[in-house]
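Visitor: Take this structure, written in C-alpha cells, and hold onto it; I'll ask about it next.
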C-alpha cells in the first residue's frame with residue numbers, strides 16, 4: 001500500500017517537472033534576455049566618414065583693390081545719328097487738335113554729352129550727365145537736351161578677358177526739345193518733360209595720365225524726350241572719351 005502511494009507521488013512529481021520544461025522550451029524567445037556588456041567594455045567605434053569634406057567658400061574681401069576702374073570719372077561722348085519729332089504747339093487749346101499737329105519725318109544730326117561720375121567698383125560707375133543734340137532736314141529743325149543721373153554697368157566683368165570692358169548704361173532726367181518749320185520760324189513747338197536714354201559701349205585703354213588713365217571706345221545710344229505737347233526719339237553712334245582718376 002505504502003509502495004503504491006510512493007509510486008503515484010513519484011509519477012506526479014515527474015509529470016510536473018516534464019511539463020514545466022516543455023512550457024519553457026515552447027516560449028524560449030520570451031525567456032532569453034541579451035547579455036549585458038561588461039562595465040569596462042567600450043562601445044565599438046563608428047566607421048570613419050567617407051568622401052571629401054566640402055571646401056568652405058572664401059570670405060568676401062571688401063578691401064580688395066580695384067583692378068580696372070576706381071576714383072573720379074570725367075568724360076564725354078559725341079556722335080551722329082537720326083531722329084524724329086512730332087507734336088503740338090505748347091498751348092493747351094492746341095494740344096490734341098489735328099490741325100496743329102506736326103511730324104518732322106526722319107532727321108539727321110549730331111549730339112553729345114558730358115558726365116561726372118565715380119567708379120564705385122570695377123563693374124559699376126554712377127554719377128551725373130548733361131547733353132544736347134540737334135537734328136534737321138530740308139523742312140524741319142529740332143534741338144533738344146537734358147540732364148540727370150547716369151548709371152554704367154559692366155555685366156560680364158566676372159567672365160574676365162575682353163568681357164571686362166563691355167558695358168551698358170542708362171541716363172534719366174529732365175529734357176526739353178523744340179521743333180521748327182523752316183518756312184515758318186516764328187511757329188515754334190516746344191516741350192519739357194522726361195528724358196530717357198540707354199546704350200552700350202566698349203572701353204579701350206589709352207594711356208596713363210595724372211595718376212589715373214584715359215580710355216576711349218565706340219558708343220551707341222538711344223534717347224527720347226517725352227512731354228505732353230511734343231516728343232522726340234533718336235539714336236546716336238559715336239565715340240566716348242573719359243579719364244579715371246584712380247586705377
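Read-outs throughout are calculated quantities, based only on the coordinates presented, and are distinct from any laboratory measurement. If you're wondering where the values come from, they're calculated on a predicted model, not measured in any experiment. Neighbour counts are summed over all protein chains in view; Cβ atoms, including those assigned to glycine, are modelled from backbone coordinates with ideal geometry.
Visitor: What's the extension gain from residue 206 to residue 139 if we count 0.36 nm per residue and subtract their Cα-Cα distance?
Guide: Between residue 206 and residue 139, full extension yields 19.9 nm more.
Visitor: Hey, how many Å between the Cα centroid of the range 85-139 and the Cα centroid of the range 180-247?
Guide: Answer, in whole Å: 9.
Visitor: With r defined as the distance between the Cβ atoms of residue 182 and residue 97 and R0 fixed at 25 Å, what FRET efficiency is calculated, to the nearest 0.05? Working shown, then result.
Guide: Details: r = 22 Å, r/R0 = 0.90.
It comes out at approximately 0.65.
Visitor: From the Cα gyration tensor of the range 66-131, with a ≥ b ≥ c the square roots of its eigenvalues, which class applies: rounded if a/c is under 1.5, or else prolate if a/b is larger than b/c, or else oblate?
Guide: On the way: a/c = 4.50, a/b = 2.68, b/c = 1.68.
Prolate is the answer for the range 66-131, as a/c is 1.5 or above and a/b outweighs b/c.
Visitor: Among 109-117, 208-216, how do they line up by average Cβ neighbours within 10 Å per residue, starting with the highest?
Guide: Sorting 109-117, 208-216 by mean packing, highest first, produces 109-117, 208-216.
Visitor: Measuring from a point 7 Å past the Cα of residue 226 along Cα-to-C-beta, which residues in the range 150-180 have an amide N at less than 19 Å?
Guide: Inside the label zone: 150-151, 169-178.
Visitor: Between residue 86 and residue 121, what is the label-to-label distance in nm when each label sits 7 Å out along the Cα-to-Cβ direction?
Guide: 4.2 nm
Visitor: Taking the highest mean first, how do the peptides 153-159, 224-230 order by number of other beta carbon atoms within 10 angstrom per residue?
Guide: Ranked from most to least packed, the peptides come out as 224-230, 153-159.
Visitor: Here's something else I'd like to know. I want to make sure I understand the PRE zone here: with the label point 7 angstrom from the Cα of residue 192 toward its beta carbon, which residues in the range 123-146 have backbone N atoms less than 18 Å away?
Guide: Backbone N within reach: 130-133, 143-146.
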